[in-house]
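I have placed the structure first, in the form of structure tokens, so that the comments after it can refer back to it.
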Amino acid sequence: MALLLVLLSLLGGALSWRAKRRGGAAFKPERTRGTERFVANLGMLSALLFALVIFMQGSAALILDECLR
């Protein structure tokens, strides 16, 4: 289950990376390029952070015994 959630998180990061490369939303002309880049970077970094946390929690579940929880 944890690996599926890690993959979903990384998929969200890949979508943010694609949005950064494309230049953001074309239907919002009032937004500046810097705002679009900042939000895309924030999405990539948060997806990476969440993937790391989910992976560490999943690996801890494999190591720790049920009685220790």
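The values are calculated or read from the model by the stated rules, or taken from the named source; none is laboratory data. Here the structure is a predicted model, which is why all the values come from computation and not from measurement. Glycine also receives a Cβ, built like all others from the backbone with ideal geometry; neighbour counts cover every protein chain displayed. The protein model used for the area step is the full one, side chains on, heavy atoms only, and it has no ligands, DNA or RNA in it. Shrake-Rupley method; radii C 1.70, N 1.55, O 1.52, S 1.80 Å.
Residues in the stretch 19-35: is at least one at pLDDT 85 or above, loosely packed, with under 12 Cβ neighbours inside 10 Å, under 18 Å from the mean Cα position of the chain (by Cα) and in a helix (DSSP H, G or I)? Yes, the stretch 19-35 contains at least one residue that is at pLDDT 85 or above, loosely packed, with under 12 Cβ neighbours inside 10 Å, under 18 Å from the mean Cα position of the chain (by Cα) and in a helix (DSSP H, G or I). Sub-6 Å Cβ pairs linking a first residue in the stretch 1-13 that is touching a residue at least 40 places away in the same chain (Cβ under 8 Å) to a second residue that is in a helix (DSSP H, G or I) and open to solvent by less than 70 Å² (accessible area, probe 1.4 Å), at least 6 apart or interchain, are Ala2/Ile54; Ala2/Gly58; Leu5/Ile54; Val6/Ala51; Val6/Ile54; Ser9/Ala47; Ser9/Ala51; Leu10/Ala51, ordered by first then second residue.
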